[in-house]
Each structure stands twice: as structure tokens, then as C-alpha cells.
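Structure record follows, encoded as C-alpha cells.
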Amino acid sequence: MVRFQLATAIALASSAVLSLAFFWLLKPREGKLKLPITAEGEDDAPAHDPFDTTRPEDVIDGEPINEEGFWARICLRKTVLSFMFAIILAIQSTSLAYSIYLSLTAFVATYALNIVFAVYLTCISVRPLFPDSTSSHAETMVHLSVLTFLAFVSLGTTALIPEDTISTSDEDLPPFLKVLWNVVFVFYTGACFLAVRMPLGPALHFPPSRIYSEKTVAAISNMAPDNVSGETGASVWDTLLFSYSTKTIMLGGAGDSLDIGDLPIVPGRMRATSLFKNMRRTLRSVSLKKFLFWDVNPGSGWELAYRLIRVNAALLVVQACLSVAIAVIFYAIPWFLRRIVLYLEEDPLREDRRWGWFYSVGMFVSTAASHIAAGQLWSVSTTTLQAGIKVQLNSILFAKTLVRKDVASSAALPSKDKGIPSDVSSNKSDEDKFSSKAQIMTLMTTDVNRVSEFSNHLFTLVDAPIEICIGAVFLYSLLGVSAYFGLAVACLFIPVNHYASKVVVGAQGGLMKARDERVALTNEILGAIRMLKFMAWERSFEKRVLRIRSKELKYQQLNYAIEVLWNALWSLSPILVTLVAFYHYAVVREEVLTPSIAFTSVLFSAMRYALNELPETLINMLQSLVSLRRIEKYLQSAEVNSVPPIGGSVPPIAFEDATVTWPQDPARSKAATASASATPKNKFILMDLNLQLPKGELSLVCGKLGSGKTLLLLALLGEADFLTGQVLCPRSPPDAIASFATVLPQPEEWIVEGVCAYVPQSAWLRNASIKAENILFNLPFDPKRYQKTVEVCALVSDLNILEDGDESEIGERGVNLSGGQKARVSLARAVYSRASILLLDDVLSAVDAHTAHHLYYECLKGDLMRGRTVVLVSHHVQLCTPGASYIVALDNGRVLYRGDRDTFKASGVLSTLVQSGATDPTDTVATEEGATLTESEHVASSSEPVYDTSLAAVETDVKVEKKAPRKLIEDEARAVGRISLDVWVTYIRACGGNWYWLLFGVVMVLAAVGPVAEKGWLSIWSGASESDRAPRTPLFYIGVYAVVGVVLATLRFFVLYMGSIHASHILYQRLLETVLFAKIRFHDTVSRGRLLNRFGNDFQGIIDSSLSDSFGRSIIHGLSMVTTLMTIIYLGGVPFLLCSLLIGMLYFNCNRISRDMRRLDSITRSPLYSIYGETIAGVTTIRAFGASSKFLRDMLRCVDTNTNPFYWRWGVTRWLSVRFNLLSATVVAIAALVAIMTPTIDAALAGFMLTFASTISSDVRRFVGLEQAMVALERVKEYTEIPREAAEFVEPRPPASWPTKGEIECEGLVVRYAPELPDVLHNLNFTIKSGEKVGILGRTGSGKSTLALSFFRFVEATEGYIRVDGIDIAKVGLTDLRSKLTIIPQDPTIMSGTLRSTLDVFDEYEDAEIYEALRRVHLIPSEDSIEEDNGVNVNVFRDLDSSVSEAGENFSTGRKQLICMARAILKRSKVLIMDEATASVDYATDELIGETIRHEFVDSTILTIAHRLRTVIDYNRVMLLDEGRLVEFDSPATLLSNSDSKFYSLCRATGKDEFAVLKKLAGVS
């Protein structure tokens, strides 16, 4: 019988009114167009924002596919829908007329309201039959879906209520009206089904090339045109059930493995450009100075939190509304549970089952509704909010890095590990200085992840209080005043939770500090891996990392211990609440505990989530606030001055009374005043600069080592701090490169006034092709200009040597290029650029004299530089002075000379900067023109092909068939299929041995039985009132309930986390050791981002923190699920068995795609790590070229690539979860129906069964999370199995004193880098006597560095051997070999810390010995010399505690080379190899170093690779290599006596005067 008709009609009419109100509120206002995509906030943006990289096509979802066909189908469906509403309206009108005719006054109002509702539905369904946009159609269908669903539910509910128990009217409905009512219900059901299933938009296509890299696009195998996420046009039904993810799941099932490009593209609102634009606009327009009565301090994190709330306000409102709805629905389930159990108590024989059916349906519907709403809540929280916040924070941090002062390069790190406790050496403020590049990386990864993951817990702040309030009221209705006694106990735990939260935050802070320290050291080690291997320091640095790792794991262990105790407390609190309430109910009030009360009162356990999740959420919030504070402080740090767009007036290049210093720490910069005295201690200053650099000419900046030359260039770039005066120099706007990228100008319009280019002393190169990403640097390709650039930069020969020419890939930090090649590629980028101003920092040091001459005359003074302003820092004063229009000489921060070249030659300054014997510039001036001509002719006729470019150019042009270039950095490998058994075994063995797993198994089985025993005991207790057994006292039942509930649950976590810490230690040690001892080829071909991803996110994000939890809880829930299913199947029979099988099949088939998404998520994070590191390292160069917006765009592209698998991982998880949950709801409904249909099941047993049936879905979901977490271990295991170098030690080991003489014998040496590659060294045969000094010469690519590497077995001999003191080095362990030889590499590498820790890494020497070594390399003056000390620019080398920044970037390259030299002097090896060890040192110091080498290493055998011929001219012998072959090997005097020798040609190419000096030094008359 139909009841509650009037109430139903009022509710439906009210919903129609609300719908109309929503339409009115959301309608477009005057002056605004309601379009699918809007560009909001443009008025707030500045006139020109170079960082606004968003294009209109970036934010559209996509282009419709077959739009006409879609709208035709929609029109047909809407017509059917409108027709159904019209029928409903006609029936309702008939019913109204009939009720009036029969004078049924009670029903007139009802039918009148129903007609209003039907009219409204008909109107809004007819209005958009031919919609003008997708948005209006979607809006209408959402309204229709909600309204028809309300009609279906309300009418269905009233139909289900048994008629004889409840009556709402004195009058009965006539049969005819009953029939009409049923017809209306059927039509509303059909309309609801049709409305919720109607798509809200057409399928879309978005060009993948707009969002992905070329490599990703090329790998796409899924060519379906509808490549945009179906979420954009999904029906209401598909949205609620996440059915738009079905296509992705099918894709995963179709092939072996998915790739990024195969996944549907995320909607426009989720793309990085859109999210970044909104966040950037919010940062500009929203601030928070005061909140209520509290002032908000800058850097507290609250302002950034407020801005995140504002930019995500709509999502947060949706999240809050869903939380409220779930909190309310949550308690409908136990209400129906209570009604069912109460019904079974009152009707044990099941004589009238109608109310049983009603409550069972109600329980199913409320459970299903709760799960569907929870699915939407988690979708908003993870797929949308978490991903969005992560992108927003990452993008603004990256954009900040592009404009932030490069303090990291000049600041020192807190001292690390060198016997100084970190607690002493750094304090809390160190966390905010971001003086390490690794710290900035940590911000962009760990801190951002911590904040974004808090969005998963945010809704608890809304949900938990509501649940607690509703639960308290509900419990009061069950237990009366006893409920409040129970809740009073819960209040006692609040202060305990508060105290525990403080402890957790403290432990977390310590953990993060140790983690930062470990990541920073790991990052440095990976960057300096070659140096570590050269010095055989792997074991020592492994110990340093593991020491920090042990400290980190101690904090992790403390975190785990607190978490276990806190979990025990949380588990205890609801149980104590239950016990106190039951005790008061059963003992004090002497009430009987019946099943209907007992099982509903387990709500205390249901409230456990709210009671326990709230304090956990508050802790997460505090931890997130710490990260927000760090991020906000970084965002508020000092920036370089903004640059106006191109086209304005171009200022001159000048210093006016300027005093400049290195960029200061942001925290200190505010305190600096306009005086040199305000400069922090030990900061170098350039004082009283008054310079006017001529436009369109070459200016030379020279000076001794450490005189401030690089700082002068950085001041021109705006990278330094100005203490007084001003510096004038045009700078490139951030979007210069981006604005030039699309247009190829005419040759005469190529140079753009006011645009800069910069070549740093240490070449910064991208891990990409030589041509496109390094020389062209995103500029359009001009074949003639490019070819000319390659020629003048002497790169033609190098590119011919490379198998793939200019398409060859450069490794990270240019590892596969020589120092000279890196310098010339870096120079070529500046030459090819459209800059009118070129700032070149010591570009000639890394090349030999011959090449330096060519670069100077053909490049710097050539056609491509005509009309361009060039500021050149160089030690090649003799070479560069004749062509320089303006010369500046610096000495210890002061200007020694400024003026033209003629006056400079006449001054005494020149004599201090050049080599002895060549200080008279007169001859050079007189013969300048002739010498240049002769040298040019010599270059052209030289046997070296370096400069013979014309033939090479022709050959390059005629190549027709070109194979794909060889990849140096291979694509990251990815496992496919299920997690392999050996990965599981690896983790199991890492956790512990047999005894551990025996203990683990016992504890887990006992704990799994716990929940069943707990609820079973409650069943026995509550059932005792209905049985004939002898009653026991309530205290007996309460005591057993307490023991079962708490002790078993707590013990298992102690055992679990004990194994987890052990596994974390073992696995990390294994990975670290394998990576440190991997072949150098591995480090050259694997990006540092991949390694940092494994050492960072895979460990600290998963293995350390969540893997053990997922592993343990999966076992716990697995055992629980088995127990539960066995129990329910035993009680319920076949229906439950079928449901169990269905759940298992669903999991097995769908979990595969989740694993793939996790793997893709991990792999696509590595390029993000790489671009972060690349940008942080080269930010000065990027800004100088005006490439900031280009790099921002590249980063956003990487973010989009990473967001896609993250989005679909959660999408697939939600798809899986909602179906599991609905199956769970079905199991609950079946359990209820079975209990109602089976009289043998009493109320207590039914309550037990129903309580357990509801836990199945959460049990199954744990396995999905575990397999996703195991992907991290899978990736770590992959890198623990890479090939290692040869053994560290080989028996018999050489004598401890080996080598005693230093004799070297090389016979038949053949070397190649890989079996498939050609030979690099060909049959080398030579012998070097003890104590001989041998110079190794040859052009780039001749094999000089390969020969040096062969001595250290970085490359193994294919044939032949090298013997040192008669021992074949191939038979010596690598540690023994490398520790006995010493190399000073061309790229000097030093580690952060102090000067003492850099020179004496392992505390082997006294301070006096270290100071003596520094004197020998002339970094500090000798004791008898007097050094002026006026407190400014004090020699930092006098203090061994002076700080060394990351990679020694607060020292020039020359100083770093001398530090490495001092380290070699301390070591005093019998065999010393120097690879361009003084290339970046001025000539005068180089001569002094030469004297030092001759005296300090008088008994050592020295092999020197040199470009400066004076360095080796007085050596015993020189060796000339050409294409890997030994062409000359004799004394310099002998070779110079032979005019046909290559060495003679090489010396003659240096010029007339220098050639004479070389002959004199060699003893040739």
C-alpha cells in the first residue's frame, strides 16, 4: 500500500525549487559569456608576464569527435525522456482530476504538488533539446538525474513500507489511483535510468604532442581517436561508479604493458599549465596578514596554506559536503543493523518477514550509498586535490628557482659527519637557508609530497566531529546515560593524544633532518662518483652514508615505536569506552545486554575511526605545516631583479662606483646595508668599480687566480649583490628564447639588441643531443649560421669522430665529452644565439694552444662576432690583448688596471700575468698581422683535421640515409606483469631469518583470530541472556573482552616494525654498495634523477614508511578475510562462496593495471628529478640566455607526464574499490536475507555474521596497496643486480709499499669502451723509467684521457697490459691499484664541508702538513712573505675551518684544481697522472706550480696531459697521440730539432715569440 504521499510530494516539489535556485545562481551574468573555457583573472595579471606559459589550447579538454552524431543521439534520448515526463504529467493530471471528482480532498494537494514537479521536469528536459554548449547540456542532465533519482527513491521507499503497521491517512486510495501510482513509479524508474546513463559530453581528442615529449608521442601504440579521459563527458552513472576508467583497465588487459602515451590524457583542469596559472594568479592577488585576532607572521606557513585553500576552494567545499553526507549515512547502517537484530529478537520464528525485507533493503541501500559517496570523496581527495596541490606547489617552486638568487652556489653547507655532531654544527635556522642544492630538491619532492598527501586526511576535520556527535546521540538512545560514562573515558585520552602528538612531531623533525642530510650527501657522492673511484674512497663514503642512514633509521624506529604505542592507545580507547559503558549498563544499572544492543554498541568500535583519526589528522596537519613553512620561506627568499621585455632602451655596460659581492643568504640579505662593512665574514668583495665597457667590441678581463673575474661577469648578469653604486648592463628577459623559437629571422636581423649569452667557467650542458638542445638551445635552425658556428668553435672534427655526429646525446654533466669539447659546445651555444652581449668566462683554458688560437681569431674575432659586445675573462693575456679594445685587470677584488691595450702593454701589470720570457709585447705588436696570417695558414695546412671543415660540411649534407642516433641514456626499464616471486623473497629475507618469521607467524595468527574472538565473545555474552546456561558475572565477560581486544592487536606491530627496520637497513646498504661499485659506464648511461628517485622516493616514501605497514596489514587483513569468509560461508552457505569467488577474480584481473600505473608513476618521476637538478645547477646560464620560460614549460610537460599515471592509478583504484564495496554491500544484504530466511540463526549469531560481512571490501583493498608498494622494492632490486667492477682486492695482494720505483711498461695495449664499440687505443707500446716526467699531447679525441683511465682500470684492456714496477695492474685489486696511484683530473671535484675535511678526508694529516701543502700550491703565501690583511677579502685558505659549498662551488675552477693538487702533495704517490690539472690557473701561478711539481715529486713518475706546451716543455719526454696511436715519443729537445715532427708543428703554431721561448726552455738553440 502506498503511504506518505503528501510528504513525498512536498519533498519532490521542494527539490524542484532548489534546482531552480541553483539554475538562477549559476546562470551567466551580464557582460560575461558562459563558455566551456574561461581565462579568469587576466585583468589582475601584469601587462607582460614572461612566466605565463599557458596557451589557450593547453586548458581545453579536447576537440569533439563526431560531434554531430553525438548531439543527434542525445537529442533522440532527450526526446524520449521528455516524452516520459509528459506521460507522467498527464497521469498526475488525470489523478488530480479523478481525486477532485471523487472529492478525495486529502489527495488533491498531493497531486497538485506532483504536477508542479512533473511540469518542472518536462520544462528543463525540453529546454536543451538542441543545446548550444556541452556545459548547458551537462548542467541540465545533472539536475534531471538528481531529481529523477529522488523521485525513484522516495516513491520506492514508501512502496516498500509494510501497509498494516503504519498508516498516514484515514482514507484508502482507490484501486484506479493505485494503478496510476504504480505506472508513475515505473516511468520515474525508467526516466531515472535514462537520465543517469546519458553522457554529458562527446568523446574528445587532444593532440598528444601538445602535452608530451616527442619520445613519448613516438612510443604511443594506442591510436584510438578518443584519447582524453572519459571523465569529461561521463554520465552521472559512470562518474559515480568511475566507469570511465574501464577503458584504461581494458587497455591494461590488452597487451603486455602500458606506456604513458597509451593512457587517456587528463582533463584540462588537471593539466600543469592550467594549475600553475591559477596558483600563480592566487599568489599575486591573495595574501593573509591577519586571521581573526592573530597576526600571521611571514614564513609561518599559514599564508601559503590560506592561498592553497583559496585556489582549491571549490574542491574543498565539495570535499566538505561529501564528508558531511558520509558522516550522516554512516550511522544509517548500524541503525538498520539494530532494527534487523531487534526484529529477529521479537520474531525468532520469522512469522512475518516483511519488515525484515524492508530493513535488509535499507541496510543494502545505505551501505551502497555510503560506499559510493566515500568513493567520490576519495576521488576528490586523491585524484583531483592531491594531484592538483602537488602540481601547484611543484610548479611555483620551480618558477621561484628560476628567479631566486643563486645562493646555493656560493653558500656553505652545515658541516657534516666529520666528527662534528649535526646538532651542534647546525641549528633550526639552517633548515630555512636552503644553502644546498639537495635541500632545494628535497623541497620539491619530500615536502611537496607531504603537503599534498595531507589532502587525503583533510576531510577528517569535517567528518570526525560530526560522526562523534551523531554517534554519541545514537548510543545514548541505546544505552541511555551509560553511553556518556563511556564517552567521558574517551575525553581522558585527549591530553595523552596531545602529548603523544608533540613527541611524534619531534621525532618526525629529527627524521626529516637526518633524511635531508643523507639525500644531500648521496647527491654529492653521485655527482663526484668518478673522483671517489679514482681515489678508492667508495668504502669510506659508504660508511659515512650508512652512519647517517643509521641515525635516520633510529628516528624511524622511534617513530614506529610511538606509532605502535599510540595505536595501542587508540585501540584501547574505544574498547575502554565500550567496557565502561557496558559495565555501567550491565553492572551498575543491572540491565540485560541483549544482542540488538550489544552489536549496535560495537558502534564504539565504529567510532574508533573518528576518535583515532582526528588526532592522527592533526599530527599530519602539523607535519604538513612544517613543510609549508619551509616552502613559504623559500618562496619569500631574495630574487634577482626583474627584466623588462625586449624593445626598450638598451643601457650601456658600465660599473659606477660599484661594490659587489657574492649573493648572500636570503635570511641575512635584509640586514645588509649599503656598505662593505655589512658584508658577512669571508664574503669576497669587488670594490670601487668604475668601468665603461665599449659596445660592439671585445673587452678582456684578466687577473690572477681568485681576483674576482667571475664575480664581475655575474654582476653584469644581475646575479651578484650590489653593496654600493650601480651596475648597468642589458639582460635577457625570461621569455627571450621562447619568443625566438618560432620565427627564423633574416641573417641581418639575427642579433637582437639587449639580449645576453653567458658561458660559465664550468660548462653547463643538457642531457640531450648536441645540436638541438645544446647548441641551438631551442632557437630555429639556420643551416648556414649553424655550420659556421660549428666551424669557428672547432667542433667539426669532434662531430666527425662521434658516431652520430651532432645528433649524439650528451650524458649528464657532459660525462662523455672531454673538457675541451664541453667548453666548445658551451661556447657554440653562445655564438649561435641571438645575443648582442656575450659574457665568456675562461673559455680558452680547457683547450690546447692551437685550438685556443683558432677560437680567438676565428670565433671571438670572426664574422659571427662582428658588432657584438664580448666580455672575455681569460688567462690567455698574450693571445687576447692585441684584439681587445678595453682591458680590465683585477687583483684580490680591486682594479689594477682599466683602459686600452696600448697603455696596458706599457704598464707593469702585464708582466705579472704572463709567462716569463714573453713579457715584451713589442714583437707581438710588430708581427701581429703577419703572425696571424702565418698561423692561419699553418692552421689550414696542419695535418690535424680539427679546422678542415669544408669537406666535412659537404659530407654531412650528402648523407641521405641516416640511422637513429645511439642513445647514451637509455629509457628507464620497467617490469611487466605481476610482482615476481624473487622480489617477495628479497623482502622476506631482508626482514629477518627463520626465528623472526616463526615469531611473526605465531603473532599474526593470534592477532587474526582476535577480531573473530572479540565479536564471538560479545555474541556469547549477549546471547547468554537468551540461553538456559548458568549466568556468569558481567566482570568475567568484560575482562576476557579487554584482553582479546588490546594485547594481541598491539604485539603484532612491534614484531612487524622490528623486521621493517632491519629490511630498510639491509636493502639500502645493498643498493648503496652496488651503485658505488658499479662500472663507470653505468653512471655515464643512467641519469642521476633515476638514482635519486630510488635512494629518495622509493626508500623514504615507500620502503621505509609504508611498505612494512602495507605488508603487515595485508597479512593481517588477509588472515582476517580468510577467517571472515570461512565463518560467513560456514553460516551462510553457497551465496557467500559465490561472492567470495567473484571478489577474488575481480582483484586478480584488475590489480595488474594498478601495478602498471605505479610503475609508470615511478618511472616518470625520474625525469622530474633530472630537470630539477639540471635547472638548479644551471640556473645562472638559463637566466642569462632568457630561457627561464622555456625551462618552465619543459618542467610542466614533465609534470603532465607524471600526473597522468598518478591520476589513473587512483582512478583505477577507485574503480576497483567501488566495485569491491558494492560487492561487500551485496554480501551484507545476502547475510541479512539469509538470517531472515533461516529461523535456526538466532539474533546473536546474525549480529556476529552481519558485523563481519561488512569488513570484506577493506580486507581485499589492502592487497592492491601492497602490490603497488612492492613496485618500489622491485625497482630497488633491479639496481642491486647491475654489473659491478672487478674485485676490490685480488690475492696475492701487492706489497704495502708498492709501487716503490714508479716504472711503467705498456705493451700491445688495445682498449675499447664496450665490446660492440670500435677500439679507442691501438697497440700502444712504451716504457717510462722511474722518476721520469712525461707529457701526453694530442688533439681532442686522440685517446689521452682514455690512456689515463686505463691506468685506473676504468676501462679494461682488450689486449696487452700495463705494468707498474713489474706488476700487471689487471691482476691487482681495484682498491689496491687506485689507492696507490694519484690523478688530478681536468674537472676538479671536491666535497662540501670544511677546507680541512676536503683536503684531509679521513683525518690522516696534521694541520701543519696541510698548511705546507697549501703553500706549495701557492694558495697561501710562504711564511717569509707578507700578505696585506685589512679585513676585506681575507685569504680563506688561512683558516682550515673555512666552509666549502656543495661541489666546491664557492671556489673558482682554478682554485679547485689547486686544492686537488694540494691533496696529491699530501698523498705523495710514486705515480702521478695530471689531466689538464692547471688549465684554469693563470700563467704566472702555473709556472710556480710547475716548480712545485718538479721539487715535490722529484722521485715520482709523472704523466701530464697538457694543452699548455710550457707545462711539459722541460719534461724528460713527450708523447704524441693521434686517433689512439702513438705517433711520437721522445724528449722535447729531440722532437724540436726535427722540423718534420708533429711536436715541432704544434710548438710553431703558438706564434713566433712563444716558439722561441719554447725552444729555449727545451734547450734547443
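The values are calculated or read from the model by the stated rules, or taken from the named source; none is laboratory data. Just so it is clear, the structure is predicted and the values come from calculations on it, not from any experiment. With ideal geometry, Cβ positions are generated from the backbone for all residues, glycine too; neighbour counts draw on all protein chains shown. Just so you know, the surface numbers come from the protein's heavy atoms only, side chains and all, with ligands and any DNA or RNA stripped out. Shrake-Rupley method; radii C 1.70, N 1.55, O 1.52, S 1.80 Å.
Is it fair to say Arg515 is open to solvent by less than 50 Å² (accessible area, probe 1.4 Å), in contact with a helix residue (DSSP H, G or I) (Cβ under 9 Å, 6 or more places away or on another chain) and either touching a residue at least 60 places away in the same chain (Cβ under 8 Å) or basic (Lys, Arg) (or both)? So Arg515 passes the test. Residues of the range 618-667 that are within 18 Å of Ile440 (Cα to Cα), modelled with pLDDT under 85 and open to solvent by 70 Å² or more (accessible area, probe 1.4 Å): Ala667 alone. Scanning the range 721-763 for residues that are of a type in the set (A, V, I, L, M, F, W, C), surrounded by fewer than 21 Cβ atoms within 10 Å (Cβ to Cβ) and not in a strand (DSSP E or B) returns Ala738, Ala741, Val743, Leu744, Trp750, Ile751.
Note on the range 116-146: among residues that are hydrophobic (A, V, I, L, M, F, W, C) and surrounded by fewer than 20 Cβ atoms within 10 Å (Cβ to Cβ), the one that is modelled with the lowest pLDDT is Phe130. Checking the structure you have, find out if any residue of the range 104-114 is part of a helix (DSSP H, G or I), of a type in the set (A, V, I, L, M) and touching a Phe, Trp or Tyr at 6+ places or on another chain (Cβ under 8 Å). Taking every residue of the range 104-114 in turn, none turns out to be part of a helix (DSSP H, G or I), of a type in the set (A, V, I, L, M) and touching a Phe, Trp or Tyr at 6+ places or on another chain (Cβ under 8 Å). Within the set Leu1196, Leu1160, Leu1192, the sole residue that is over 30 Å from Trp662 (Cα atoms), touching a Ser or Thr at 6+ places or on another chain (Cβ under 7 Å) and buried (at least 24 other Cβ atoms within 10 Å of the Cβ) turns out to be Leu1196. Within the option set Pro264, Pro298, Pro208, Pro225, being under 19 Å from Arg1209 (Cβ atoms) and not hydroxyl-bearing (Ser, Thr, Tyr) holds for one residue only, Pro264. In the range 71-95, the residue that is nearest to the chain's Cα centre (by Cα) out of those that are open to solvent by less than 10 Å² (accessible area, probe 1.4 Å) and of a type in the set (Val, Ile, Thr) is Ile74. Scanning the range 1370-1396 for residues that are surrounded by 20 or more Cβ atoms within 10 Å (Cβ to Cβ), in a loop (DSSP other than H, G, I, E, B) and modelled with pLDDT under 90 turns up Pro1385, Gln1386, Asp1387, Pro1388, Ile1390, Met1391, Ser1392. Only a single item in (1) in contact with a Leu (Cβ under 9 Å, 6 or more places away or on another chain); (2) within 19 Å of Glu139 (Cα to Cα); (3) in a loop (DSSP other than H, G, I, E, B); (4) open to solvent by 10 Å² or more (accessible area, probe 1.4 Å) is not met by Thr239, and it is number (3).
Residues of the range 1397-1417 being open to solvent by less than 10 Å² (accessible area, probe 1.4 Å) and either on the phi > 0 side of the Ramachandran plot or not in a loop (DSSP other than H, G, I, E, B) (or both), which ones? Before the answer, list the steps.
Narrowing the range 1397-1417 to residues open to solvent by less than 10 Å² (accessible area, probe 1.4 Å): 1398-1400, 1410, 1413-1414, 1417.
Selection gives Thr1398, Leu1399, Ile1410, Ala1413, Leu1414.
Selection of the range 1530-1565 for residues being touching a residue at least 40 places away in the same chain (Cβ under 8 Å), more than 15 Å from Ile1336 (Cα to Cα) and open to solvent by less than 70 Å² (accessible area, probe 1.4 Å) yields Ser1545, Ala1549, Thr1550, Gly1551, Asp1553, Glu1554, Val1557, Leu1558, Ala1562.
Selection of helices (runs of 4 or more DSSP H) fully inside the range 1469-1565 by the criterion of at least 1 residues being touching a Phe, Trp or Tyr at 6+ places or on another chain (Cβ under 7 Å) returns 1532-1537, 1542-1548. Checked against the criterion of being among the aromatic types (Phe, Trp, Tyr), on the phi < 0 side of the Ramachandran plot and either surrounded by fewer than 18 Cβ atoms within 10 Å (Cβ to Cβ) or modelled with pLDDT of 75 or more (or both), the range 1124-1134 contains one or more residues that satisfy it. Of the residues screened, Ser370 is not one that is over 22 Å from Ile1230 (Cα atoms) and either among the small types (Gly, Ala, Ser) or open to solvent by 10 Å² or more (accessible area, probe 1.4 Å) (or both).
The rows are residues; the columns are (1) hydroxyl-bearing (Ser, Thr, Tyr); (2) at pLDDT 60 or above.
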{"site": "Ala9", "(1), (2)": "no, yes"}
{"site": "Ser19", "(1), (2)": "yes, yes"}
{"site": "Leu25", "(1), (2)": "no, yes"}
{"site": "Lys32", "(1), (2)": "no, no"}
{"site": "Gly41", "(1), (2)": "no, no"}
{"site": "Ala45", "(1), (2)": "no, no"}
{"site": "Asp52", "(1), (2)": "no, yes"}
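The combined condition, being crowded, with 22+ Cβ neighbours inside 10 Å and touching a helix residue (DSSP H, G or I) at 6+ places or on another chain (Cβ under 7 Å), is not fulfilled by Val1471. Leu817 fulfils the conditions (1) crowded, with 20+ Cβ neighbours inside 10 Å; (2) in contact with a helix residue (DSSP H, G or I) (Cβ under 8 Å, 6 or more places away or on another chain); (3) assigned to a helix (DSSP H, G or I); (4) not aromatic (Phe, Trp, Tyr) except for a single criterion, (3).
Somewhere in the range 302-312, is a residue open to solvent by 20 Å² or more (accessible area, probe 1.4 Å), of a type in the set (S, T, N, Q) and either under 24 Å from Ser245 (Cα atoms) or not in a helix (DSSP H, G or I) (or both)? So far as the range 302-312 goes, no, none of its residues is open to solvent by 20 Å² or more (accessible area, probe 1.4 Å), of a type in the set (S, T, N, Q) and either under 24 Å from Ser245 (Cα atoms) or not in a helix (DSSP H, G or I) (or both). In the range 518-543, of all residues being among the basic types (Lys, Arg), in contact (Cβ under 8 Å) with a residue 60 or more places away in the chain and open to solvent by 10 Å² or more (accessible area, probe 1.4 Å), the one that is nearest to Ile1383 (Cα to Cα) corresponds to Arg530.
Could you tell me which residue of the range 696-720 is surrounded by the fewest Cβ atoms within 10 Å (Cβ to Cβ), considering only residues that are more than 34 Å from the chain's Cα centre (by Cα) and either among the charged types (D, E, K, R) or part of a loop (DSSP other than H, G, I, E, B) (or both)?
If we take residues in the range 696-720 being more than 34 Å from the chain's Cα centre (by Cα) and either among the charged types (D, E, K, R) or part of a loop (DSSP other than H, G, I, E, B) (or both), then Gly696 is surrounded by the fewest Cβ atoms within 10 Å (Cβ to Cβ).
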